[in-house]
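Peer 1: Got a structure here, written out as C-alpha cells. Questions coming.
The values are calculated or read from the model by the stated rules, or taken from the named source; none is laboratory data. It should be emphasised that the depicted structure is a prediction, and the values quoted were computed from it without experimental measurement. Reconstructed Cβ throughout: ideal geometry from the backbone, glycine too, with neighbour counts over all protein chains shown.
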Amino acid sequence: MSRDADPNAPVGVDPKRASVARLYDFLLGGKDNYQIDRQAAAELAAAIPDVVQIAKENRSFLTRMARFIAGQTDVVQYLDLGSGLPTAENVHQIVQRINPESKVVYVDHDPVVLAHGRALLEENEQTRLVGADIFDPSSVLDNDVVRSHLDFAQPIALFCLATLHNHKGERDEPAKAIRQYVEALPSGSYVAISHLYDPGAEDSGPMRHLEDAAARGALGAGTARTKAEILEFFEGLELIRPNATTEPDVIELVRWWPDGPRFKPVGLAQRAIAGGVARKR
C-alpha cells in the first residue's frame, strides 16, 4: 500500500486536516494547533463535554508511571511510541531528573511533531527522536537510531499512550503490532499502555457517541475498547498492581496509583480512558 493510500499516514502541516498530535496539544492547553483541530475537539466534546479530561488524565498517568519506572526499577532505557507534540514534563525530563543516565527514544511520524521535538532535544545527548510509523513495528525496531541508542540486550520501558485507539484499519492490527514490540523486548522490560475505554453499563452510550464523532468528524477515527480487549495488549506480560487495593489489572487511569486521596467524583471522561503497566518476565 502506498503512503498516499495509507489511512494512518501523517497529516503533517495541512491546516485543512485534523491531526491527532495537534488535537492533544489543544486539549492540553497548547498553541501548536489549527482551527480544524479545535473543530475536532468540539465534535468530541459534543459527545463527552469534559473530553479535555481524557487528555489530562493520560498525561498525569504518563508522569506517575514514568516516575515509578525510573524510581522503582532498574530500567534506564525508554521507547515512547507515538510521543506527540512536546509539552510540559516529557518522558525524558521526568526520568532523567531521577536518573540522568536514562536514555529515551521518541517515535512519531507527524512532521510537526518531528520539527518541534528535534528543536527541544538539540542539547539532550541522551534522547533521540525518530520518524517512523508505530503501526509498522519493523520500521521502528530495525531503525538505525533506535538500535544504536538502545541496547536490546538490557531491559527497556515501552510506552504506547493514547495512540492505539487512533488506528484506522482492522480492529486487531494494533494488538498484532504490540505483540511484535513485546517479542523484541528483553526479559525485565516494562510495557505501559493507555487506551480509550468502554466500561459498559450507562457509559456505553456516550462512548458510542464519542466513537461516532471521531469517525465521522475531522479526526477520522477513535475506537474505544472493553477491558477484555485492552487486556489483550498485555498478553504474556505480568501486570502490576494499579493501586494498593486492586489486584493486577487494567484500570481507569485516574485510579492508577493516584498522587493523593480523591475528594471529587470521577467524571465520565475520566472513566473513558484506561490502561496499565506490565513487566516481561
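Peer 1: Quick one: how many residues across the range 88-133 are in a loop (DSSP other than H, G, I, E, B), of a type in the set (Gly, Ala, Ser) and within 18 Å of Ala21 (Cβ to Cβ)?
Peer 2: Restricting attention to the range 88-133, the residues satisfying the condition of being in a loop (DSSP other than H, G, I, E, B) are 88-90, 99-102, 109-110, 121-126, 132-133.
Next, from what is left, pick out any that are of a type in the set (Gly, Ala, Ser): 88, 102, 132.
Keeping just the survivors that are within 18 Å of Ala21 (Cβ to Cβ) gives 88, 132.
Total satisfying the criteria: 2.
Peer 1: Considering the range 245-281 alone, what residues qualify as being part of a strand (DSSP E or B) and of a type in the set (A, V, I, L, M)?
Peer 2: Ile251, Ile273, Ala274, Val277, Ala278
Peer 1: List every residue pair whose Cβ atoms sit under 6 Å apart, with the two residues 6 or more apart in sequence or on different chains, where the first one lies in the range 224-245 and is over 29 Å from Gly205 (Cα atoms) and the second, anywhere, is among the charged types (D, E, K, R).
Peer 2: Leu237/Lys280; Glu238/Arg279; Glu238/Arg281
Peer 1: Could you say whether any residue in the range 51-61 is in contact with a strand residue (DSSP E or B) (Cβ under 7 Å, 6 or more places away or on another chain), part of a helix (DSSP H, G or I) and polar (S, T, N, Q)?
Peer 2: Filtering the range 51-61 down to residues in contact with a strand residue (DSSP E or B) (Cβ under 7 Å, 6 or more places away or on another chain) leaves 54, 57-58, 61.
With the extra rule that they be part of a helix (DSSP H, G or I), the set shrinks to 54, 57-58, 61.
Pick out the ones that are also polar (S, T, N, Q) and you get 58.
Taking every residue of the range 51-61 in turn, at least one turns out to be in contact with a strand residue (DSSP E or B) (Cβ under 7 Å, 6 or more places away or on another chain), part of a helix (DSSP H, G or I) and polar (S, T, N, Q).
Peer 1: Also, quick follow-up: Can you name the condition, by its number, that Met65 falls short on among (1) within 14 Å of the chain's Cα centre (by Cα); (2) outside any helix (DSSP H, G or I); (3) among the hydrophobic types (A, V, I, L, M, F, W, C)?
Peer 2: Here Met65 meets the rest and fails (2).
Peer 1: Just the residues that are part of a loop (DSSP other than H, G, I, E, B) and polar (S, T, N, Q), please, taken from the range 199-244. Even if it seems obvious, please write down each step before you answer.
Peer 2: If we filter the range 199-244 for residues that are part of a loop (DSSP other than H, G, I, E, B), which is where we start, we get 199-200, 217-224, 226, 233-237, 240-242, 244.
Passing the criteria: Thr223, Thr226.
Peer 1: A further question follows. Being under 29 Å from Arg281 (Cβ atoms), in contact (Cβ under 8 Å) with a residue 40 or more places away in the chain, in contact with a helix residue (DSSP H, G or I) (Cβ under 6 Å, 6 or more places away or on another chain) and not aliphatic (A, V, I, L, M), is that true of even one residue in the range 138-159?
Peer 2: The answer is no, given that none of the residues of the range 138-159 is under 29 Å from Arg281 (Cβ atoms), in contact (Cβ under 8 Å) with a residue 40 or more places away in the chain, in contact with a helix residue (DSSP H, G or I) (Cβ under 6 Å, 6 or more places away or on another chain) and not aliphatic (A, V, I, L, M).
Peer 1: Based on this model, can you work out whether Pro186 counts as in a loop (DSSP other than H, G, I, E, B), in contact (Cβ under 8 Å) with a residue 12 or more places away in the chain, under 23 Å from Arg64 (Cα atoms) and of a type outside the set (A, V, I, L, M, F, W, C)?
Peer 2: Details: in a loop (DSSP other than H, G, I, E, B): yes; in contact (Cβ under 8 Å) with a residue 12 or more places away in the chain: yes; under 23 Å from Arg64 (Cα atoms): no; of a type outside the set (A, V, I, L, M, F, W, C): yes.
Criteria not met by Pro186.
Peer 1: Do we have any residue at all in the range 228-243 that's exposed (fewer than 13 other Cβ atoms within 10 Å of the Cβ), modelled with pLDDT of 85 or more, among the polar types (S, T, N, Q) and farther than 29 Å from Val146 by Cβ?
Peer 2: The answer is yes; a qualifying residue exists.
Peer 1: Could you check Asp198 against (1) in contact with a Pro (Cβ under 8 Å, 6 or more places away or on another chain); (2) of a type in the set (D, E, K, R); (3) surrounded by 14 or more Cβ atoms within 10 Å (Cβ to Cβ) and say which number it fails?
Peer 2: Asp198 satisfies all of (1) in contact with a Pro (Cβ under 8 Å, 6 or more places away or on another chain); (2) of a type in the set (D, E, K, R); (3) surrounded by 14 or more Cβ atoms within 10 Å (Cβ to Cβ) except (1).
Peer 1: Mind counting the residues in the range 132-155 that are within 16 Å of the chain's Cα centre (by Cα) and not acidic (Asp, Glu)?
Peer 2: Going through the range 132-155 one residue at a time, the tally reaches 5.
Peer 1: Can you work out which of the residues in the range 66-116 that are crowded, with 21+ Cβ neighbours inside 10 Å and acidic (Asp, Glu) is farthest from Asn143 (Cα to Cα)?
Peer 2: Ranking the candidates gives Asp110 first.
Peer 1: A further question on this structure: Restricting attention to the range 244-281, which residues are charged (D, E, K, R), under 16 Å from Lys227 (Cβ atoms) and at pLDDT below 95? Can you show your working first?
Peer 2: Restricting attention to the range 244-281, the residues satisfying the condition of being charged (D, E, K, R) are 247, 249, 252, 255, 259, 262, 264, 271, 279-281.
Adding the requirement that they be under 16 Å from Lys227 (Cβ atoms) leaves 247, 249, 252, 255, 271.
Arg271 - this is the single residue of the range 244-281 that is charged (D, E, K, R), under 16 Å from Lys227 (Cβ atoms) and at pLDDT below 95.
Peer 1: Continuing with this model, one more query. How many residues are under 19 Å from Ala201 (Cβ atoms) and either touching an Asp or Glu at 6+ places or on another chain (Cβ under 9 Å) or exposed (fewer than 14 other Cβ atoms within 10 Å of the Cβ) (or both) when one looks only at the range 246-268?
Peer 2: Matching residues across the range 246-268 total 8.
Peer 1: Of the residues in the range 191-217, how many are under 18 Å from Pro49 (Cβ atoms) and either touching a Phe, Trp or Tyr at 6+ places or on another chain (Cβ under 7 Å) or among the aliphatic types (A, V, I, L, M) (or both)?
Peer 2: 5
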